[in-house]
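The values are calculated or read from the model by the stated rules, or taken from the named source; none is laboratory data. Since the model is a prediction, treat every value here as computed from it, not as a measurement. Note: ideal-geometry Cβ built from the backbone for every residue, glycine included; neighbour counts use all protein chains shown.
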Amino acid sequence: MALEEKRRHSSELVPYSYYKCLIPDYFDCVPLHWHGEFEINYVIEGKAEFLCGDERFVTQTGDIVIIPPNRLHAIYTHGDYEQRYDTIVFSTDMLGASVNDRCAAECVRPLTNGHFGTKAHITVEHPYYSEIKTTVENIFSCAKGNTARLDMLLKSEMLRLFWLLGESGDIQVDDKPDFSGVIRPAVEFINENFCENITIEQLAEIVHLSKSYFMARFRQAAGVGAIEYINQLRIKKACAMLAGSGLNASDVAFECGFRNLSNFNRLFKKAVGCTPVQYRKING
């Protein structure tokens, strides 16, 4: 499952991780990925474009985005806007998924195993927005405080959030087909092999689609074409190698799957905003 994000977001003692985020940062997107934890994003300022399963929407200041476990998602810049946002990624254990009572059995575990779906995009127009916003702000306040006593409050606020979503009708049986899942095997193959030569024909064959239908479905699910997505992963790896290794730019390009140095330099500058050499001087 190479598509699954490798970063560990939680531990037994601290089953969540808090991140202060900015897009664009050194890179202009968060490429398509998934992980086994819930994720909540709270937009502090600005705009960005989110993809969450088959949903695609533009967020703005005050919006809340809730991503369930194992859901393909990505974030892209929107026009010339920046977006500052807080993110918390947390284990389903925070909601008591492993407890054997009726709350866990009827309300929590169906959320974590995909039987229930949750509204992803919460805006100021939501009838419960004020209560949800206050609860989410409390969640992030507890996460930033990062103490055992605050973890008690954090768990209660997370349960309150999902109670509010249930009361507002935003948690329902999820019987809609997940069309983004159609291209998941292809994305997993890309993540395992992006440094190698990959063709659209290979990817279409993996998911048993025609070439043209695969390209359309991939762009719908990922927000970009398959080749652009491959290049995103290659450039992200190049950034890490330039900052953390002594290899020269041409060797980095080759190691990341580029066979043409001028093409690597052009794509790198377009994505990152500077040349590979300049990037190393800043981040090396």
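Annotations for the structure displayed:
- Single condition THR135 does not satisfy, out of (1) surrounded by 16 or more Cβ atoms within 10 Å (Cβ to Cβ); (2) modelled with pLDDT of 95 or more; (3) assigned by TED's automatic domain parsing to the domain that holds ALA253: (3)
- Applying the criterion of being among the acidic types (Asp, Glu) and part of a loop (DSSP other than H, G, I, E, B) to the residues of region 72-107, the residue that is nearest to GLU157 (Cα to Cα) is ASP101.
- Taking the criterion of being of a type in the set (Lys, Arg), under 22 Å from GLY46 (Cα atoms) and in a helix (DSSP H, G or I), the residues of region 114-152 that qualify are LYS133, LYS144.
- Residue check for LYS47: at pLDDT 95 or above and either assigned by TED's automatic domain parsing to the domain that holds LEU267 or surrounded by fewer than 17 Cβ atoms within 10 Å (Cβ to Cβ) (or both): no
- The residues of region 242-265 that are surrounded by fewer than 19 Cβ atoms within 10 Å (Cβ to Cβ) and within 26 Å of the chain's Cα centre (by Cα), listed by number, are ALA243, GLY244, GLU255.
Residues are listed down the side, and each one gets a yes or a no for (1) surrounded by 14 or more Cβ atoms within 10 Å (Cβ to Cβ); (2) in contact (Cβ under 8 Å) with a residue 40 or more places away in the chain; (3) within 19 Å of TYR18 (Cα to Cα):
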| site | (1), (2), (3) |
| --- | --- |
| MET152 | no, no, yes |
| VAL173 | no, yes, no |
| SER180 | yes, yes, no |
| HIS208 | no, no, no |
| SER212 | no, no, no |
| ALA226 | yes, yes, no |
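- Scanning region 19-43 for residues that are at pLDDT 95 or above, among the aromatic types (Phe, Trp, Tyr) and surrounded by fewer than 18 Cβ atoms within 10 Å (Cβ to Cβ) turns up just one, TYR19.
- Pairs where the first residue, in region 115-130, is buried (at least 19 other Cβ atoms within 10 Å of the Cβ) and the second is outside any loop (DSSP other than H, G, I, E, B) and of a type in the set (Ser, Thr, Tyr), C-beta under 7 Å, 6+ apart: ILE122/TYR129
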